[in-house]
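Heads up: the structure comes next, in C-alpha cells.
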Amino acid sequence: MNNKIKLAVAGAVFAAASSANAGIVIPAGDWTLDVNGNVNAFATWSQHDNEGTITGSLQSIYGTGAASNTGSDGSTQGINAGLLPAWLGFTGTTRQNDVDVSFTISMQPNVSDNGATGDSKAPLFRQAFLTFGDKSWGTVKMGKDIGIFGKNAILNDMTLLGVGSGARNSGFSTTTGGIGSGYIYAAWKGQFAYTTPNMNGFQATVAMVNPNMIDRNSLNGSAKDQTSFGFEGEVEYSWTGDIAGKAWVSTAQYTDVKDDAYLTQGTYDVQMWDVGVNLNSGNLGLTAYYYDGDGGGDGVLGFQGADTTGKERDSDGGYIQATYVIPTGTKLGIAYGETNVDQTSVDRAAGNANIKSTERWTVGAYHPLTKHLNLVAEYNDVQLEAHNSSIENEVQSISLGAILFF
C-alpha cells in the first residue's frame, strides 16, 4: 500500500487525529472534529475439507466454519466485510490549560447480513476513550480501545486491507485475517494507558486493562469474578532512511484467571511476549513477527489457554510477509503464518483432539485505483491439525473487493 493508504489504515484502526492521517476535518469553536473511517466489501468463494471436530481453535469457529466442523466437504459463497470492518470514527481535539485533550468514539456497521430480512446484525462499538497529555511528558488514555499486546502484529498484516482467513463464514462483521494463524488478537479493552513522548524514535506504552475474562471454552461473554486487572506494555523504535522501519516488543500479564463455566478447579495465569520488525526500502516491504508464552491459547488471548484443571498450555507462533510495489502501483504480497498450542499432561491423558497447529498462506494484490480507494484480490489457504493427527481440516478461499478510506 502507498504511504497515504497506510496512514489511512492507521487512522481507521486507531482514529488518531493528526494532520498526517486526518479524515474530514471540521472546525467547531474550541474543538477540531475529525470524521474518518472506511467502507469495504468483498465477494468470497471458499472450498472446505473438514475431517472432524478440532476443539480449542479460533479457526474452527470462524475460519473453517463451525457448522461444518464435524467432518464434511463443500463450498460456500458470500459477501462480507474484510478483516477491517466498515468504520465511522469521530475524534475531537483541543488544547486547554497547556494540555492536549481529545475524545474518540467509533462504530463499525455491517455491510452484509445472513438474516432473512438483513436486519439481524447489530453494529460494533469498538472505541470510546479520552486522552490528555503534552508532547513534553506523554499521553494518558482512559476508555475502550485496541489492546497493546499484539497490536502491531495486526497493524502490519497486509490482510488488513483485505480478507485473510475466516472467509468461510459470511454475514459476520469481520473476517479473521491472520488472527489465530500467526498472531493473537489484540482485541478491544477498557484500559488506563500511558504513552511516553517520542524520544528520537523510542516510545513506550504501559496499560492497566480490563481482563475481558470471557468463557474460555466457547468465547461467549460471561465476564464475572474478575479477580485482578491485566497489564500490557510495549516498547517500539521507529527510524527513517534508505531502509526505514519499526521494531517492537510487547507483553501481556494476567493473573488468577477464573472461569466457573470451564475450569473444574483453580485459576490460571496468562504470560505472553512478542517481538516484531517491519522494514521498507524503496518498493520492497518485509515484516517478521513471533510470539510465545503460557496461557495465551489460540487466536484470542486466553481462549483455551489452560486445561480444565487450570494448568496453562504453552503456545507460540508468528508470521513472515513480503510485499513489492510494481510499476502500475499495485502492491503484491505473500505471507505465511503459523499458530501452535501444546497439550498438557491432562490433555494427553484424556486423548483430547484439541488444536495443535494452524498454518496460513496468503497471496494478495492491492491496487490503489485512487488516492483513497484500493481494489483487492486475495487467495488464502488455511490448514488445521489436531493433536490427534488423524484429523486435519483445510479451507481455501478467493476474495475480490474494494476498500475506501476517508
Q: Show the residue pairs that are 6+ apart or on different chains and have beta-carbon atoms under 6 Å apart, the first residue being within the range 86-103 and closer than 16 Å to A28 by Cα, the second being of a type in the set (F, W, Y) and not in a loop (DSSP other than H, G, I, E, B).
A: G92/W31; G92/F103; T94/W31; V101/F132
Q. All but one of (1) crowded, with 23+ Cβ neighbours inside 10 Å; (2) farther than 22 Å from N80 by Cα; (3) modelled with pLDDT under 95; (4) not acidic (D, E) hold for N352; which doesn't?
A. (1)
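Considering only the range 126-159, state which residues are among the small types (G, A, S) and in contact with a Lys or Arg (Cβ under 8 Å, 6 or more places away or on another chain). Talk me through it step by step, then tell me what you get.
Going through the range 126-159, the residues among the small types (G, A, S) turn out to be 128, 133, 136, 138, 143, 147, 150, 153.
Residues satisfying the conditions are A128, G147.
Inside the range 104-120, can you point out the residues that are in contact with a Ser or Thr (Cβ under 7 Å, 6 or more places away or on another chain) and more than 23 Å from M142 (Cβ to Cβ)?
Applying the first criterion (in contact with a Ser or Thr (Cβ under 7 Å, 6 or more places away or on another chain)) to the range 104-120 yields 104, 108, 110, 112-114.
Across the range 104-120, the qualifying residues are N110, S112, D113, N114.
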Q. When K311 is evaluated against the numbered criteria (1) closer than 25 Å to T55 by Cβ; (2) at pLDDT 95 or above; (3) surrounded by fewer than 23 Cβ atoms within 10 Å (Cβ to Cβ), which criterion, by number, is the only one it fails?
A. (2)
Q. Within the bounds of the range 125-137, is there any residue that is out of contact with any Asp or Glu (no Cβ under 7 Å at 6 or more places or on another chain) and closer than 19 Å to I398 by Cβ?
A. no
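Restricting the search to the range 107-131, which residues are in contact with a Pro (Cβ under 7 Å, 6 or more places away or on another chain) and part of a strand (DSSP E or B)?
Looking only at the range 107-131, we keep the residues that are in contact with a Pro (Cβ under 7 Å, 6 or more places away or on another chain), and these are 107-110, 123-124.
Passing the criteria: M107, Q108, L124.
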Q.
With the requirement that a residue be of a type in the set (D, E, K, R), more than 18 Å from S106 (Cα to Cα) and touching a residue at least 12 places away in the same chain (Cβ under 8 Å), what does the range 117-141 give you?
A. D134, K135
Q. How many of the residues in the range 380-406 are in contact (Cβ under 8 Å) with a residue 24 or more places away in the chain, surrounded by fewer than 23 Cβ atoms within 10 Å (Cβ to Cβ) and either of a type in the set (D, E) or within 16 Å of V39 (Cα to Cα) (or both)?
A. 8
Q: Using the structure shown, decide if A193 is modelled with pLDDT of 75 or more, on the phi < 0 side of the Ramachandran plot and assigned to a strand (DSSP E or B).
A: yes
Q: Go through the range 125-180 residue by residue and tally those that are in contact with a Leu (Cβ under 6 Å, 6 or more places away or on another chain) and among the hydrophobic types (A, V, I, L, M, F, W, C).
A: 2
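Residue under question is G310, and the condition is that it be out of contact with any helix residue (DSSP H, G or I) (no Cβ under 8 Å at 6 or more places or on another chain), outside any strand (DSSP E or B), in contact (Cβ under 8 Å) with a residue 60 or more places away in the chain and of a type in the set (G, A, S); does it hold? Outline the logic, then answer.
Numbers: out of contact with any helix residue (DSSP H, G or I) (no Cβ under 8 Å at 6 or more places or on another chain): yes; outside any strand (DSSP E or B): yes; in contact (Cβ under 8 Å) with a residue 60 or more places away in the chain: no; of a type in the set (G, A, S): yes.
Considered against the rule, which asks whether it is out of contact with any helix residue (DSSP H, G or I) (no Cβ under 8 Å at 6 or more places or on another chain), outside any strand (DSSP E or B), in contact (Cβ under 8 Å) with a residue 60 or more places away in the chain and of a type in the set (G, A, S), G310 comes out as no.
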Q | the range 238-256 - residue that is within 21 Å of the chain's Cα centre (by Cα) and aromatic (F, W, Y) and, of those, modelled with the lowest pLDDT | A | Y254
Q: Being buried (at least 18 other Cβ atoms within 10 Å of the Cβ) and basic (K, R) is the filter here, so list the residues in the range 356-379 that pass it.
A: K356, R360
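Determine which member of the set T362, T370 is part of a loop (DSSP other than H, G, I, E, B), modelled with pLDDT of 95 or more and either of a type outside the set (K, R) or under 28 Å from N36 (Cα atoms) (or both).
Working: T362 fails: part of a loop (DSSP other than H, G, I, E, B).
Just a single option satisfies the conditions, and that option is T370.
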Q. Taking the stated definitions as given, is V39 under 30 Å from Y379 (Cβ atoms) and modelled with pLDDT of 95 or more?
A. yes
Q: Return only the number of the condition from (1) part of a loop (DSSP other than H, G, I, E, B); (2) farther than 26 Å from K121 by Cβ; (3) modelled with pLDDT of 90 or more that D259 does not satisfy.
A: (3)
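The values are calculated or read from the model by the stated rules, or taken from the named source; none is laboratory data. Here the structure is a predicted model, which means the values were calculated and not measured. Every residue, glycine among them, receives a Cβ derived from its backbone with ideal geometry; neighbour counts consider all protein chains shown.
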